Amino acid sequence: MTKTGKFIVTTNASDVFRQSVAVFSKNYLPINQVNLKRALVLLVSGKAEPLDLGNNTTSIPVHSPTMVFLVPQQIRLTVNHKNRVWRVPTVNRREVLRRDKHTCQYCGNTKHLTLDHVMPTSKGGTYTWDNIVTACEKCNNSKGDSTLQEAGMTLQKPPKAPVHPIVAFAEQFWREHKIQLEGLEN
Ligand SMILES: [Zn+2]
């Protein structure tokens, strides 16, 4: 078991490899998500170990010609995680669309997207994370040079600067697991 290349997935290869594994730091903090291949490499090379959070997740079976390797849905790094320097990205179309998941923040439309100043420039609105949102052409046009109140429009959520990817992942991870746990209780 030294090379992951020896593992051949016999059924639904693409499905299996599309699954992802949550990676925890040595200090048990959820840090990101990797695909199955990457998880296998980390496990086989000893850089990670299976992590059981007691949340009843099932392992993902990967078949080799002679054995089945079970990849847990959560792994914990046994080596120190290299924390790359991260800065809040500058406000631009690509980053704003990414933050807003390519969705109009007024109506949820995912087509003909533009950037909108929540507080219009003419009224002192700035080109900053808390004042720029993704808006479809229709919403942008109907809002025009008005404030939210004047236009009678509401935002789906208040705009804010993106957070560190690790923080974002941790928030999403615990949110999903809380939903899972709540689902079990009912
Ligand atoms: Zn819209």
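We did not get these values from a lab; they are worked out from the coordinates using the rules stated. Quick caveat: nothing in here was measured; it's all calculated off a predicted structure. All Cβ positions, glycine included, derive from the backbone under ideal geometry; neighbour counts span all protein chains shown.
Quick look at the numbers
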read-out	value
Distribution of pairwise C-alpha distances over the chain, 5 Å bins, in %	1, 7, 13, 14, 12, 11, 11, 10, 8, 6, 4, 2, 1, 0
Interatomic Cα distance distribution for segment 38-86, bins of 10 angstrom, percent	23, 46, 25, 6, 1
Trypsin sites (Lys or Arg not before Pro), loop per DSSP, at most 10 other Cβ atoms within 10 Å - longest free stretch of the chain	4-81
Helix axis angle, 165-185 relative to the chain longest principal axis, alpha carbon, degrees	70
Virtual spin-label span in nm between THR90 and GLU137, 7 Å along Cα→Cβ	2.8
